[in-house]
Amino acid sequence: MSAGVELVGVRKSFDGVVAVDDLSLTIPTGAIFGLLGPNGAGKTTAIRMLIGILLPDSGEVRIFGAPVRRDVTRRIGYLPEERGLYRRMTVEDNLVFIGRLAGLAARDARARALKWARRMEIDRWMASRIEELSKGMQQKVQFIAALIHEPDFVVMDEPFSGLDPINVNELNEILLDLKRSGRTILLSTHRMDQAERLCDEICLVNRGRGVLSGPIRQIRSANGRCTLRIEIEGDLASLARFPGVECFIDRGNHADIILCAGADSQDLLRRAMRLGRVVRFELREPSLEDVFVTVVGERNG
Amino acid sequence: MVKVSGRTIWLVMEREFLTRIFSRSFLASTFLIPAFLVAIVVIPAYLLPHPHSARPPVPPDRIAAGIVSAAIAVAVLLYVLFVSLFSYGAIVMRSVLEEKQSRVLEILLCYASADELMAGKILGVGGLALVQVLIWIGLGALGVAMSTTGRAVLAATHFGPGALVWFLLFEILGYLLYSAMFCAVGAAFNSIDEAQQWTFILVLPLVATGMLLSPVLSAPDSASAVIGSMVPFTAPALMYARVLIGSPPLWQTMLCVAMLIASIAAAVRVCARIYRVGILMHGKRPSAREIARWIHYA
């Protein structure tokens with residue numbers, strides 16, 4: 001995968017307050033990339049620099065190898081965090097206006113708006129004003145607005161907020177479809193479960209800095225602490241002295257063990273087998289949420 | 001400097017224009033305001049004792065009637081100029097706030113620069129103002145052509161086509177000056193309530209214009225009238241008043257127009273900077289000092 005979209009050592013401050021500091025990330029072409037982090041971490045500022053709304057104080061932004069210019073931003077589709085549509089205009093007028101602004105001819109914009117509206121099952125509402133629609137439907141329109149000009153790079157800031165589970169699934173399908181057709185997607189979200197399901201790579205941002213980044217599996221195994229539940233016919237307590245054990249909780253018949261980062265659970269298993277017959281050995285992988293809470297908690301605490 | 005795209009400005013302009021031209025509020029103001037003005041002029045005429053029922057009209061009365069109707073015509077033209085400067089400026093401000101509050105702006109900024117958006121907005125709403133004024137001129141011309149009263153009023157005022165040309169010129173220049181400033185106010189704040197203080201400051205020169213109008217009309221060449229008609233913020237209506245009823249020296253009108261154009265250029269430059277920064281600022285209400293800083297670093 002070639003480097004699609006890059007931030008290189010980007011810094012941005014507002015009136016002396018640093019929002020993003022020396023942030024670098026690389027989004028491979030054709031990947032779904034998750035930008036994660038707590039509120040106020042600098043995600044939105046980073047996104048605004050990626051789509052050319054803000055210029056970085058220093059550092060570089062490259063979209064498919066080129067600096068951010070108008071001809072490049074037309075290849076971007078953007079879904080803002082808060083809903084951005086003209087409330088008093090109809091669905092169709094909104095979509096056609098944004099499509100034309102993104103470079104489409106009026107006729108193409110109209111045709112594509114209708115095609116997408118059919119796919120999202122909102123074509124009945126094309127002549128309704130935005131303010132007459134439900135939140136979920138407005139979000140669908142917002143989606144079409146981001147995709148109408150068939151962008152190569154799709155940026156979605158908190159796309160799942162306010163959606164019911166059915167719509168979330170529908171959205172997942174569309175994102176995976178886009179990925180299959182070779183689009184590069186940046187997803188900013190709080191919802192770790194969604195990031196875990198969809199993203200190939202992630203970058204965790206905290207206080208304006210990139211804290212962790214890379215392929216999702218690698219991050220989980222490098223930073224998460226596995227929880228082990230173990231039960232043996234023998235002396236459980238001596239397992240507590242095993243070097244890789246960070247925390248040992250004796251629960252009577254069995255024990256819960258949290259391993260240090262980097263410790264191999266298989267070593268512990270071998271050790272346990274020497275102590276007696278292993279009745280239960282259950283390995284629970286850390287979720288992205290565990291990683292998130294641990295890493296952010298450590299740095300902010 | 002970023003290259004400005006005419007197509008983008010046109011699209012923004014088109015949207016501003018088309019979403020409003022068929023709106024109820026535009027149609028109402030276009031047709032109700034003239035009806036209201038006609039009522040003000042016509043109803044007193046019916047309430048007064050009918051002249052020819054008592055005695056045939058004599059020349060002094062006709063002169064007096066001519067002066068009165070000329071004064072009313074001047075008042076109507078100035079009122080229209082005055083109201084449209086403020087009301088269309090306010091429309092520009094509300095339009096900026098709507099885009100800012102709904103975050104449509106963030107999408108637009110992907111594909112258009114702040115300068116293009118501001119230009120399109122000012123020109124689009126300006127086109128709307130122009131259409132309204134042209135409809136009014138058309139209605140006025142129709143009134144003059146179809147009624148003897150209308151013809152009599154026109155004869156009494158001695159207005160030539162020049163009166164309309166100057167009207168359009170001052171209307172356009174005044175609109176450009178005020179709409180640029182309203183645009184900046186809309187961009188700097190998060191809601192109409194927050195913007196109120198600054199809207200008030202923008203209205204002050206318009207209020208001053210209103211207060212200076214009658215002294216200027218009674219003594220169009222006094223020192224205060226000359227100064228008032230030169231200060232760009234009050235110039236559109238006051239210089240127009242002087243042009244309508246007196247004949248200010250050509251150098252004064254030319255200087256006035258030149259100064260208006262120069263101040264429009266300056267206002268657009270400063271306001272575009274406020275707009276560029278302001279539209280991305282959300283949350284806290286910015287202080288005047290912060291806004292001044294935006295002008296520097298935009």
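Values computed for the structure shown
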{"read-out": "The listed residue being farther than 19 Å from B:Leu169 by Cα and at pLDDT below 85, out of B:Val207, B:Val203", "value": "B:Val207"}
{"read-out": "Some residue of region A:153-165 being among the acidic types (Asp, Glu), away from chain B (no Cβ under 14 Å) and without any contact (Cβ under 8 Å) to a residue 12 or more places away in the chain", "value": "no"}
{"read-out": "Conditions (1) outside any helix (DSSP H, G or I); (2) without any contact (Cβ under 8 Å) to a residue 60 or more places away in the chain; (3) more than 14 Å from A:Phe33 (Cα to Cα); number of the one not met by A:Glu173", "value": "(1)"}
{"read-out": "Condition broken by A:Glu298, with the remaining ones in (1) at pLDDT 75 or above; (2) in a helix (DSSP H, G or I); (3) not basic (Lys, Arg) satisfied", "value": "(1)"}
{"read-out": "Residue check, B:Val92 surrounded by 22 or more Cβ atoms within 10 Å (Cβ to Cβ), within 30 Å of A:Arg69 (Cα to Cα), out of contact with any Asp or Glu (no Cβ under 6 Å at 6 or more places or on another chain) and within 14 Å of another protein chain (Cβ to nearest Cβ)", "value": "no"}
{"read-out": "Within region A:77-92, tally of residues that are more than 29 Å from the chain's Cα centre (by Cα) and within 8 Å of another protein chain (Cβ to nearest Cβ)", "value": "2"}
{"read-out": "Among residues of region A:48-70, those that are outside any loop (DSSP other than H, G, I, E, B), charged (D, E, K, R) and at pLDDT 85 or above, counted", "value": "3"}
{"read-out": "Selection count, region A:43-76, where residues are in contact with a Lys or Arg (Cβ under 6 Å, 6 or more places away or on another chain) and more than 11 Å from chain B (Cβ to nearest Cβ)", "value": "3"}
{"read-out": "Positions within region A:147-186 being touching an Asp or Glu at 6+ places or on another chain (Cβ under 7 Å) and either crowded, with 18+ Cβ neighbours inside 10 Å or among the aliphatic types (A, V, I, L, M) (or both), in sequence order", "value": "A:Asp157, A:Arg183, A:Thr184"}
{"read-out": "Every residue from region A:45-102 that is free of Cβ contacts under 8 Å to residues at least 40 places away in the same chain, within 21 Å of A:Gln139 (Cβ to Cβ) and among the polar types (S, T, N, Q)", "value": "none"}
{"read-out": "Residue list for region A:93-109, filter: buried (at least 19 other Cβ atoms within 10 Å of the Cβ) and more than 7 Å from chain B (Cβ to nearest Cβ)", "value": "A:Asp93, A:Asn94, A:Leu95, A:Val96, A:Gly99, A:Leu104, A:Ala109"}
{"read-out": "Per-region count, region A:71-95, residues part of a helix (DSSP H, G or I) and either closer than 12 Å to A:Phe153 by Cβ or among the β-branched types (Val, Ile, Thr) (or both)", "value": "3"}
{"read-out": "Matching residues, region B:250-269, being among the small types (Gly, Ala, Ser) and without any contact (Cβ under 8 Å) to a residue 60 or more places away in the chain", "value": "B:Ala258, B:Ala262, B:Ala265, B:Ala266"}
{"read-out": "Number of the exception - A:Ile144 against (1) within 14 Å of another protein chain (Cβ to nearest Cβ); (2) within 25 Å of the chain's Cα centre (by Cα); (3) surrounded by fewer than 18 Cβ atoms within 10 Å (Cβ to Cβ)", "value": "(3)"}
{"read-out": "Looking only at region B:255-298, and only at residues there that are surrounded by fewer than 18 Cβ atoms within 10 Å (Cβ to Cβ) and of a type in the set (Ser, Thr, Tyr), the one that is nearest to the other protein chains (Cβ to nearest Cβ)", "value": "B:Tyr297"}
{"read-out": "Residue match in region B:139-149 (condition: in contact with a Gly (Cβ under 7 Å, 6 or more places away or on another chain) and either modelled with pLDDT of 90 or more or part of a helix (DSSP H, G or I) (or both))", "value": "yes"}
{"read-out": "Lone qualifier among A:Val211, A:Val291 - being closer than 30 Å to A:Leu175 by Cα, part of a helix (DSSP H, G or I) and among the aliphatic types (A, V, I, L, M)", "value": "A:Val291"}
{"read-out": "Unmet criterion (only one of (1) over 14 Å from B:Tyr111 (Cβ atoms); (2) outside any helix (DSSP H, G or I); (3) free of Cβ contacts under 8 Å to residues at least 24 places away in the same chain; (4) within 11 Å of chain B (Cβ to nearest Cβ)) for A:Gly40", "value": "(4)"}
{"read-out": "Subset of region B:71-112 (residues that are in contact with a Ser or Thr (Cβ under 8 Å, 6 or more places away or on another chain) and not in a helix (DSSP H, G or I))", "value": "B:Ala112"}
{"read-out": "Selected residue [closer than 30 Å to A:Arg119 by Cβ and surrounded by 13 or more Cβ atoms within 10 Å (Cβ to Cβ)] from A:Glu231, A:Glu201", "value": "A:Glu201"}
{"read-out": "Hits in region A:96-110 - residues which are part of a helix (DSSP H, G or I) and farther than 21 Å from A:Leu171 by Cα", "value": "A:Val96, A:Phe97, A:Arg100, A:Leu101, A:Ala106, A:Arg107, A:Asp108, A:Ala109, A:Arg110"}
{"read-out": "Of all residues making up region A:244-264, the number that are modelled with pLDDT of 80 or more, within 26 Å of A:Arg217 (Cα to Cα) and exposed (fewer than 15 other Cβ atoms within 10 Å of the Cβ)", "value": "1"}
{"read-out": "Only listed residue being within 14 Å of chain A (Cβ to nearest Cβ), out of contact with any His (no Cβ under 7 Å at 6 or more places or on another chain) and not aliphatic (A, V, I, L, M), chosen from B:Gly160, B:Gly126, B:Gly120", "value": "B:Gly120"}
{"read-out": "Those residues of region B:247-283 which are under 24 Å from B:Cys110 (Cα atoms) and not in a helix (DSSP H, G or I), in sequence order", "value": "B:Ile279, B:Leu280, B:Met281, B:His282, B:Gly283"}
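The values are calculated or read from the model by the stated rules, or taken from the named source; none is laboratory data. Keep in mind the model is a prediction, meaning the values are calculated, not measured. Cβ coordinates were reconstructed from backbone atoms using ideal geometry, including for glycine residues, and neighbour counts include every protein chain displayed.
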